[in-house]
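Engineer: Take a look at this one; I'll ask things after.
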Amino acid sequence: MDPATATINQIPKEIPNHIAIIMDGNGRWAKARGLPRIAGHQKGAEALRSTIQACIDLKINYLTIYAFSSENWKRPSSEVSDLMALLQNYVKNEINEISTNKIKLNFIGERKRLDESVQTTLRDAEHKTKNNKRLTLTVALNYGGQQEILEAVKDLGHDMINGIIKPSDINEEIFKNYLQTSDIPEPDLLIRTSGEQRLSNFLLWQSAYTEFAFTPTLWPDFNRDCLESIIHEYQRRDRRYGGTG
Ligand code: IPE
Ligand code: IPE
Ligand code: MG
């Protein structure tokens, strides 16, 4: 083989830098088995554990997951409290493992509505993992993309009133700094499980040029093979960003 061809063949196919996941279908997974919805959420937490490990093995730098939307408060209060307890216990039980794996954990979404003890758990987890560099795991909790954009607009308004910024200075880069995701790059690939094909208020600004992948697999059944096959499909796509490719 000529050396030039050999070099080209050795270049690894591009792994997405940032994957976002809408983990959907826990309720349907439980219903199909005659189990309560919380059983689906519990199995979903196991799927999350193995997906995080797969992301580490694949050297993905950023993983952002949708755990609870601003609209999920519409669910029966018993399911909301089960979900909050599950999330809090998950963070408490996994934090040492997360830390050992050099994962930086952070949370986006409106915290004020969460129980004080949940807020403390999130703060402690962020503090404990803040210097980790292997994988940045962002958990969207009581998160809504529209609400996030409105909060950014309010903060921007304050800065304008205080003369910190002029309206003519505002551009996409500046606006991005006012979002809760200012420290992380835009997602390259967004996966939604369970066959639904909508964003449900997730990462509205950030997903302007994200590649979408929808799979019928219910979240509790999601595993490394599912992730790898979606990544292979992603690698065959041509991301043009409005250009000609
Ligand atoms: C996703 O599963 C988990 C959350 C939204 C918290 P669902 O609970 O939405 O499951 P389905 O869509 O009812 O099957
Ligand atoms: C989106 O799923 C939110 C999460 C996965 C946390 P939903 O199940 O709440 O979305 P809709 O209601 O089907 O759009
Ligand atoms: Mg759902």
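Engineer: Here's a check for you: in region 44-95, which residue that is more than 14 Å from ligand 2 (Cβ to nearest atom) and in a loop (DSSP other than H, G, I, E, B) is farthest from residue 185 (Cα to Cα)?
Structural biologist: 58
Engineer: Now for a separate question. Given the condition touching a strand residue (DSSP E or B) at 6+ places or on another chain (Cβ under 8 Å), of a type in the set (Val, Ile, Thr) and surrounded by 14 or more Cβ atoms within 10 Å (Cβ to Cβ), answer yes or no: does some residue in region 141-162 qualify?
Structural biologist: Within region 141-162, not a single residue is touching a strand residue (DSSP E or B) at 6+ places or on another chain (Cβ under 8 Å), of a type in the set (Val, Ile, Thr) and surrounded by 14 or more Cβ atoms within 10 Å (Cβ to Cβ).
Engineer: How many residues, within region 191-215, are open to solvent by less than 20 Å² (accessible area, probe 1.4 Å) and closer than 21 Å to residue 39 by Cβ?
Structural biologist: Total meeting the criteria: 2.
Engineer: Picking from 191, 230, 174, 184, which residue would you name as being modelled with pLDDT of 95 or more, farther than 27 Å from residue 59 by Cα and either not small (Gly, Ala, Ser) or not in a strand (DSSP E or B) (or both)?
Structural biologist: Being modelled with pLDDT of 95 or more, farther than 27 Å from residue 59 by Cα and either not small (Gly, Ala, Ser) or not in a strand (DSSP E or B) (or both) holds for just one of 191, 230, 174, 184, which is 174.
Engineer: Please list, ordered by first then second residue, the pairs with beta carbon atoms under 6 Å, 6 or more apart or interchain, first in region 99-115 and at positive phi, second open to solvent by less than 60 Å² (accessible area, probe 1.4 Å) and in a loop (DSSP other than H, G, I, E, B).
Structural biologist: 102/132
Engineer: Which condition does residue 218 not pass, out of (1) free of Cβ contacts under 8 Å to residues at least 60 places away in the same chain; (2) farther than 23 Å from residue 113 by Cβ; (3) open to solvent by 20 Å² or more (accessible area, probe 1.4 Å); (4) hydrophobic (A, V, I, L, M, F, W, C), if it passes all the others?
Structural biologist: Answer for residue 218: the failing condition is (1).
Engineer: Every residue in region 1-32 that is away from ligand 1 (no atom under 12 Å from the Cβ), of a type in the set (D, E, K, R) and modelled with pLDDT of 95 or more, please.
Structural biologist: Matches in region 1-32: none.
Engineer: Within region 228-245, is there a residue that is within 16 Å of ligand 1 (Cβ to nearest atom), in contact with a helix residue (DSSP H, G or I) (Cβ under 9 Å, 6 or more places away or on another chain) and either open to solvent by 10 Å² or more (accessible area, probe 1.4 Å) or touching a residue at least 12 places away in the same chain (Cβ under 8 Å) (or both)?
Structural biologist: No.
Engineer: What's the number of the condition residue 195 fails, among (1) within 16 Å of ligand 3 (Cβ to nearest atom); (2) within 14 Å of the chain's Cα centre (by Cα); (3) of a type in the set (Gly, Ala, Ser)?
Structural biologist: (2)
Engineer: Taking only pairs six or more apart or across chains, which ones have beta-carbon atoms under 6 Å, a first residue in region 68-85 that is open to solvent by 30 Å² or more (accessible area, probe 1.4 Å), and a second residue that is not charged (D, E, K, R)?
Structural biologist: Every condition considered, the pairs that remain are 82/38.
The values are calculated or read from the model by the stated rules, or taken from the named source; none is laboratory data. Since this is a predicted model, take the numbers as computed values, not measurements. Note that each Cβ is placed from the backbone with ideal geometry, even for glycine, and that neighbours are counted across all protein chains shown. Accessible surface is based on the protein model in full, side chains and every heavy atom, while ligands, DNA and RNA are left aside. Shrake-Rupley method; radii C 1.70, N 1.55, O 1.52, S 1.80 Å.
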